[in-house]
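Participant: Starting off with a structure, shown below.
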Amino acid sequence: MGAFSLARSQGWPVSLKCGGHSYVGLSGGDGLVLDVSRLLSLRIQGDRLFCGAGWRLGPLRTALAHKGWMLPLGQCPGVGLSGFLLGGGYGPTARGLGLGCDSILDAQMISPALGRVQASQSDDLLWALRGSGYGQFGAVFEWCLQLQPIQEVVVFRKPVRETEFIEELERWQHQAPRQDWRVTSYFHLGYQRASLVGALGGVFLGTMREWRRIGWQARAEAAQMPYLAAMNRLGGAVQKRLSPFRATSDFLAQPLSAQAIGALIDQLHKGASHQVQVTFDAYGGAIDQGVGAFPPRPGRLACVQALGFERGHPHLLGEWLSEYAVRLRPFYTGEAYANYAELGRKDWREAYFGSHWERLLSLKVLHDPCFLLRHPLSLIPLGTP
């Protein structure tokens, strides 16, 4: 509370930082940065986890696995838990277990206006923390999350040649979002050694025998392994440092036509020098059952992320992303994923908050009436400096 009082007296904006993985640096800023990364308490009661807000996904996943539990976390080990949860939290088990934010049962938070609050005592606050993104209302210092018993999984992957892109992506977008809930899959298009390549793959929550019984993607390479080994294989045990990049995201509610997929492939070729890539992550399943402020559900087939590396020419990559948006965005819903934040998007309020904007803004005024927690994607009234 003292930090918020200091910021208020000095007129500083306040940012919250955990893993520091915001695509556009929303966890930093010119004002006061509250770093929660040392809040690493961990306590399990029954099937509930009480943990500090500073955990990163990799270490937390490992700690829970050794105790026989799992959460629907993302695969990148260095990402901070708090930002991941607040932004929705998609991961490789999401269709079976839900988004990360769907595991939130409660939270302890310091509100700039109200001091220490417990989210479960306010239906609106608990709802908002489940996916509204960006640390808008206060500093969460402890989470209470619903645990799942750990289990074996099957990891599968199938390379896709460029000549097969249209046929395979058409098939995937019809099947993957409607497949058995235990299957969470992706379809990836990108460059490798100057060649455009593709792959589809994912995770199945079950055994190899059950996977074969489903019979989906029978030609994919598949291997059964312990959950922790699978996550380390997908995301690595250590966070890798990436070159500077820019990204944009969208959601798919209707399958792309062959013509639209052709336009996507043509656009990818135009971005070859930036090693551009586009990834479709399947939605549906348990994601549709979640309740909270995460706006793009139910009925979404996939989240689509386009990403490119700057390679010393950021303005050229920006031009490519703008052209991508002009060509492909008419086929998408107009929504965006908060954890793939981007700046400069004119429709950002609708894209990130949808119809929840007014309800979230009212809650913002209650907990942070001076708008201390502010950044380019903040919940603030129009015209607020």
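The values are calculated or read from the model by the stated rules, or taken from the named source; none is laboratory data. From a predicted model like this one, the values you see are computed outputs, not experimental measurements. Cβ sites come from the backbone with ideal geometry, for glycine too, and all protein chains shown count toward neighbours.
Participant: Is there any pair with a first residue in the range 36-47 that is farther than 25 Å from GLY20 by Cβ and a second that is loosely packed, with under 15 Cβ neighbours inside 10 Å and among the basic types (Lys, Arg) whose Cβ atoms are under 8 Å apart and which are 6 or more apart or on different chains, and what are they?
Facilitator: ILE44/LYS67
Participant: Moving to a separate point now. Considering each of LEU205, LEU228 in turn, give the residue that is in contact with a Ser or Thr (Cβ under 7 Å, 6 or more places away or on another chain), crowded, with 20+ Cβ neighbours inside 10 Å and under 21 Å from ARG61 (Cβ atoms). Break it down into steps so the answer makes sense when it comes.
Facilitator: Working: LEU228 fails: crowded, with 20+ Cβ neighbours inside 10 Å.
That would be LEU205, the only listed residue that is in contact with a Ser or Thr (Cβ under 7 Å, 6 or more places away or on another chain), crowded, with 20+ Cβ neighbours inside 10 Å and under 21 Å from ARG61 (Cβ atoms).
Participant: Assess whether ALA302 counts as being small (Gly, Ala, Ser), over 17 Å from the mean Cα position of the chain (by Cα) and within 27 Å of GLY83 (Cβ to Cβ). I'd like the intermediate steps shown before the answer.
Facilitator: Details: small (Gly, Ala, Ser): yes; over 17 Å from the mean Cα position of the chain (by Cα): no; within 27 Å of GLY83 (Cβ to Cβ): yes.
Here the answer is no, as ALA302 does not meet what is asked.
Participant: Being buried (at least 19 other Cβ atoms within 10 Å of the Cβ), modelled with pLDDT of 95 or more and touching a strand residue (DSSP E or B) at 6+ places or on another chain (Cβ under 6 Å) is the filter here, so list the residues in the range 278-298 that pass it.
Facilitator: VAL278, PHE280, ASP281, ALA282, TYR283, listed by residue number.
Participant: Being in contact (Cβ under 8 Å) with a residue 60 or more places away in the chain, within 30 Å of SER111 (Cβ to Cβ) and under 20 Å from the mean Cα position of the chain (by Cα) is true for just one of TRP181, TRP143. Which residue is that?
Facilitator: On the way: TRP181 fails: within 30 Å of SER111 (Cβ to Cβ).
Only one candidate qualifies: TRP143.
Participant: Here is a further query. Go over the candidates LEU129, LEU145, LEU125 one by one and state the one that is touching a Ser or Thr at 6+ places or on another chain (Cβ under 6 Å), modelled with pLDDT of 95 or more and of a type in the set (A, V, I, L, M). Spell out the reasoning first.
Facilitator: Numbers: LEU129 fails: touching a Ser or Thr at 6+ places or on another chain (Cβ under 6 Å); LEU125 fails: touching a Ser or Thr at 6+ places or on another chain (Cβ under 6 Å).
Testing whether each residue is touching a Ser or Thr at 6+ places or on another chain (Cβ under 6 Å), modelled with pLDDT of 95 or more and of a type in the set (A, V, I, L, M) leaves just LEU145.
Participant: While we're here: Can you find a residue that is part of a strand (DSSP E or B) and more than 22 Å from the chain's Cα centre (by Cα) anywhere in the range 46-65?
Facilitator: Within the range 46-65, the first condition is being part of a strand (DSSP E or B), and the residues that meet it are 48-52, 56.
With more than 22 Å from the chain's Cα centre (by Cα) added as a condition, the list becomes 48.
Among the residues of the range 46-65, at least one is part of a strand (DSSP E or B) and more than 22 Å from the chain's Cα centre (by Cα), which makes the answer yes.
Participant: Out of (1) surrounded by fewer than 19 Cβ atoms within 10 Å (Cβ to Cβ); (2) more than 21 Å from GLY98 (Cα to Cα), what's the single condition that is false for ARG374?
Facilitator: Every condition holds for ARG374 apart from (1).
Participant: Let me ask something additional. Only one of GLY284, GLY235, GLY292 is more than 18 Å from GLY202 (Cβ to Cβ) and not aliphatic (A, V, I, L, M). Can you tell me which? Lay out the reasoning, then the answer.
Facilitator: Values: GLY284 fails: more than 18 Å from GLY202 (Cβ to Cβ); GLY235 fails: more than 18 Å from GLY202 (Cβ to Cβ).
Testing whether each residue is more than 18 Å from GLY202 (Cβ to Cβ) and not aliphatic (A, V, I, L, M) leaves just GLY292.
Participant: Further question: From the list LEU114, LEU97, LEU129, LEU105, pick out the single residue that is closer than 24 Å to SER355 by Cβ and aliphatic (A, V, I, L, M).
Facilitator: Numbers: LEU114 fails: closer than 24 Å to SER355 by Cβ; LEU97 fails: closer than 24 Å to SER355 by Cβ; LEU105 fails: closer than 24 Å to SER355 by Cβ.
Exactly one of LEU114, LEU97, LEU129, LEU105 is closer than 24 Å to SER355 by Cβ and aliphatic (A, V, I, L, M), namely LEU129.
Participant: Filtering the range 273-298 down to residues that are assigned to a strand (DSSP E or B) and among the aliphatic types (A, V, I, L, M), which residue is farthest from LEU105 (Cα to Cα)? Before you say what the answer is, go through the steps one by one.
Facilitator: First, pick out the residues of the range 273-298 that are assigned to a strand (DSSP E or B): 277-282.
Checking the rest, the ones that are also among the aliphatic types (A, V, I, L, M) come to 278, 282.
On the way: VAL278: 33, ALA282: 25 Å.
So, considering only residues that are assigned to a strand (DSSP E or B) and among the aliphatic types (A, V, I, L, M), the one farthest from LEU105 (Cα to Cα) is VAL278.
Participant: I'd like the residue in the range 175-184 that is in a helix (DSSP H, G or I) and of a type outside the set (S, T, N, Q) and, out of all such residues, is surrounded by the fewest Cβ atoms within 10 Å (Cβ to Cβ).
Facilitator: Checking each candidate, the answer is ARG178.
Participant: Would you confirm, using the coordinates I've provided, whether SER82 is within 20 Å of ARG349 (Cα to Cα), crowded, with 24+ Cβ neighbours inside 10 Å and either modelled with pLDDT of 95 or more or among the hydroxyl-bearing types (Ser, Thr, Tyr) (or both)? I'd like the intermediate steps shown before the answer.
Facilitator: Numbers: within 20 Å of ARG349 (Cα to Cα): no; crowded, with 24+ Cβ neighbours inside 10 Å: yes; either modelled with pLDDT of 95 or more or among the hydroxyl-bearing types (Ser, Thr, Tyr) (or both): yes.
No; evaluated as a whole, the condition is false for this residue.
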